[in-house]
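Asks: Submitted below is the structure of interest, expressed as structure tokens.
The values are calculated or read from the model by the stated rules, or taken from the named source; none is laboratory data. Keep in mind that what you see is a predicted model, and the values were worked out from it rather than measured. Ideal geometry is used to build each Cβ from the backbone, glycine not excepted, and the neighbour counts take in all protein chains shown. Accessible surface is based on the protein model in full, side chains and every heavy atom, while ligands, DNA and RNA are left aside. Shrake-Rupley method; radii C 1.70, N 1.55, O 1.52, S 1.80 Å.
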Amino acid sequence: MQDSKDVSRRSFLAAAGGLALASALPAQAQGLPFLIGGSTATLLPKGKARRVVICGGGWGGLTAAKQLRQLAPDLEVVLLERNPVFFSCPMSNKWLVDVVDTNYLTHDYLKVSEKYGYRFIQCEILEIERDRKRVVTALGALDYDWLVLSPGIRYNYEAWFGGERRLAEATRARFPGAYVPNAEHFRLKQAIHDFKGGDLVMTLPPPPQRCPPSPYERACLIASHFKKHKVKGRIVILDHKDAIRPIGYGFKQAFEELYKDIITYVPNAHVREVDPFGKRIRTAAGDFSFEHAILMAPHQAGDLAWKAGVIGKNPEGKPAGWAAVDPLFLTAKEDKDVYVIGDAVGFVSPQFAFYPKAGHVANRHARIVARYIAERAAGREPKYVLPDNLCYMMVSADPQLDIAVQFDYKVDDKGVIIQTQIDDNERRPELVAEDFGWARNMYEDMFA
Ligand SMILES: Cc1cc2nc3c(=O)[nH]c(=O)nc-3n(C[C@H](O)[C@H](O)[C@H](O)COP(=O)(O)OP(=O)(O)OC[C@H]3O[C@@H](n4cnc5c(N)ncnc54)[C@H](O)[C@@H]3O)c2cc1C
């Protein structure tokens, strides 16, 4: 895949005897194989078809790629993702305690991209140059007509450690939150299985956060594992919030009725200081030492949203941490050719502020945005569509029991998006079947 521009540039160099300049030139221009690439090389020359570049191949990005190919087959669709395989965060709490295996969570990017005719490129995205409508990756740059950003979240360790990089790195390496797909999960799983007893502390980030009910699910399933394997461990949940939310009553009952001696719930535990070397944490609700910890720093929109310059501002004029979007059309506030979907989406409503940062919502956003782009590509004005959300949480692994929550959205007569929430607090096995059915449908929607 040689770019003709690069080839002619190389010929020019040879003619001019410009060898001394060669090290400053793009990898392709230096005669390196294109798979070694370089951020200034051309990754994919643009043909006649209009192109949608999707940044991030998680729940939102993957769904968007497939939907776009189905709704707008004339568009070229390119999906950029750093990971070689897809690893699902939803259902991963069950995997931590061996309810499902690794194959259940991992899926193949290449097969589905070939089936639906979009281009999957595994690469690190380095920069997003909106003024040039260009994405720069470690393998080269590519132009776009429309950009879909689905970068997920980043951990805001800066809120805990300021500029103390060493503390942030030690915390992430030793006590990962395991809220960003992949390697951290394997480390946490090992730590749970190696745990011999003592206190396992979990810090829960302030809202908005990725999948708010899932840390409580994680606590229940680890407690279930301790019970089964007779581990004398205590799980201390240090919650930033003043109460468990959502499905608060269902989780509270599970803590009290199933794990009375194992789970200690501490509300209003705003983190003041974290010492990953001394294994200590100071909070507004007291100080705690631990054998092991799941230290979840506050969440923010993923790095790519920052690099794309789409992060909103709070009333003090500081970065709000999440992408500023048009609430109904999910375009970046200042760029109608850039869509943001999934967890990175910022404030959308004065009633509920943020959509739940859930894979279900990312999937719905992706379907909606694919429709908007297809409409625009066909020269039509899209009409708004709203997502929904459905979430099942396993509170016991043996026997298997779930609780659930559902969210629906509509626009009121003032044009404000309104959320309704229904908690299903009664834990029961039928919801487990629905949980696995939900996951099957979602995986099929992305991969089948
Ligand atoms: C423990 C846990 C349990 C959960 N349970 C549920 C559940 O039951 N139901 C539910 O609906 N949701 C659940 N979620 C939430 C769900 O995982 C997220 O909401 C969902 O993944 C968001 O999708 P996204 O596309 O916004 O981000 P992601 O799925 O995180 O995708 C972002 C992608 O961007 C890629 N990326 C980022 N930066 C770069 C870069 N520079 N270069 C290349 N690639 C990059 C990442 O590798 C990643 O693949 C859970 C999450 C966790 C952690």
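Asks: With everything on Cα atoms, drop me the angle between helix 165-174 and the longest principal axis of the chain, reported from 0 to 90° to the nearest 10.
Replies: Helix 165-174 sits roughly 60 degrees off the main axis of the chain.
Asks: In Å², and per residue, what accessible area does the range 354-448 have when probed at 1.4 Å with the other protein chains present?
Replies: That works out to 45 Å² for each residue.
Asks: Separate question: May I ask you to list the aspartates and glutamates whose Cα is less than 19 Å away from that of Lys227, ignoring any residue fewer than eight positions away on the same chain?
Replies: Asp98, Asp194, Asp199, Glu217, Glu256, Glu257, Asp261, Glu291, Asp398, Asp402
Asks: Further question: For Glu256 paired with Val85, estimate the spin-label separation in nm (one decimal), with each label point 7 Å from Cα along the Cα-to-Cβ line.
Replies: 4.3
Asks: In percent, what relative contact order does the chain have, based on Cα pairs under 8 Å that are 6 or more apart in sequence?
Replies: Relative contact order, the chain: 16 percent.
Asks: Between the alpha-carbon centers of the range 108-140 and the range 294-362, tell me the distance in whole angstrom.
Replies: Using only Cα atoms, the two centres lie 21 Å from each other.
Asks: Still on this structure: Please give the length that would be gained between Gln70 and Ser289 if that part of the chain were fully extended, namely 0.36 nm times their separation in residues minus their C-alpha to C-alpha distance (nm, one decimal).
Replies: 73.5 nm
Asks: Give the calculated FRET efficiency between Glu426 and Ile36 to the nearest 0.05, with a Förster radius of 51 Å applied to their Cβ-Cβ distance.
Replies: 0.35
Asks: Right, something else. Exceeding 28 Å between C-alpha atoms, which entries from my cross-link table qualify? They are Lys94/Lys410; Lys94/Lys260; Lys241/Lys318; Lys228/Lys357; Lys189/Lys333; Lys333/Lys357.
Replies: Over 28 Å apart, Cα to Cα: Lys94/Lys410; Lys228/Lys357; Lys189/Lys333.
Asks: Which lysines have a Cα lying under 22 Å from the Cα of Lys111, excluding residues fewer than 8 positions away in the same chain?
Replies: Candidates past the 8-residue exclusion: Lys66.
Asks: Taking the Cα-to-Cβ direction at Arg272 and at Thr106 and moving 7 Å from each Cα, how far apart do the two end points lie in nm?
Replies: 4.4
Asks: Next question. Residue-wise, which Karplus ³J(HN,Hα) couplings in Hz belong to the range 387-403, taking 6.51 cos²θ - 1.76 cosθ + 1.60, θ = phi - 60°, and x for glycine or proline?
Replies: Going residue by residue, I get x, 9, 8, 9, 9, 10, 10, 7, 9, 8, 8, 8, x, 7, 9, 10, 10 Hz, with x marking Gly and Pro.
Asks: For the range 381-448, with all protein chains present and a 1.4 Å probe, just round the carbon and sulfur fraction of the accessible area to a whole percent.
Replies: Details: 1720 of 3460 Å².
The nonpolar share, carbon plus sulfur, comes to 50 percent.
Asks: If you line up the Cα atoms of the chain on their principal axes, what length do they span on each, largest first, in Å?
Replies: 78, 55, 46
Asks: Could you check the spin-label model distance between Lys313 and Arg174? Points 7 Å from the Cα along Cα→Cβ, value in nm.
Replies: Those two pseudo-labels are separated by 4.0 nm.
Asks: Right, next: Does anyone have the angle between helix 59-71 and the longest principal axis of the chain? Alpha-carbon axes, 0 to 90°, nearest 10?
Replies: 50
Asks: Using the Karplus curve 6.51 cos²θ - 1.76 cosθ + 1.60 with θ = phi - 60°, what ³J(HN,Hα) values do you get for each residue of the range 208-218, in whole Hz, with x for Gly and Pro?
Replies: x, 9, 5, 6, x, x, 5, x, 5, 4, 4
Asks: Looking only at the chain, where both bridge partners belong to it, what percent of the DSSP beta bridges are antiparallel (to the nearest 5)?
Replies: Beta bridges within the chain, antiparallel portion: roughly 55 percent.
Asks: If a/c stays under 1.5 just call it rounded; otherwise compare a/b with b/c (prolate if a/b is bigger, oblate if not). Do that for the range 58-192, with a ≥ b ≥ c from the square roots of the Cα gyration tensor eigenvalues.
Replies: Cα axes put the range 58-192 in the oblate bin.
Asks: Turning to a different aspect of this structure: Quick one: accessible area per residue over the range 245-342, 1.4 Å probe, rounded to a whole number of Å²?
Replies: Ligands and nucleic acids excluded, the result is 46 Å² per residue.
Asks: Let me ask another. Compute the angle between helix 248-258 and the longest alpha-carbon principal axis of the chain, please, reported from 0 to 90 degrees and rounded to the nearest 10.
Replies: The helix 248-258 is inclined about 50 degrees to the chain.
Asks: Right, another one. Just to verify a number: FRET efficiency for Lys46 and Arg165, C-beta to C-beta distance, R0 = 51 Å, to 0.05?
Replies: Taking R0 as 51 Å, the efficiency between Lys46 and Arg165 is 0.85.
Asks: May I ask you to compute the full-extension gain from Glu127 to Asp242, defined as 0.36 nm times their residue separation minus their alpha-carbon distance, rounded to one decimal in nm?
Replies: Working: separation 115, 0.36 × 115 = 41.40 nm, distance 3.88 nm.
So the extension gain works out to 37.5 nm.
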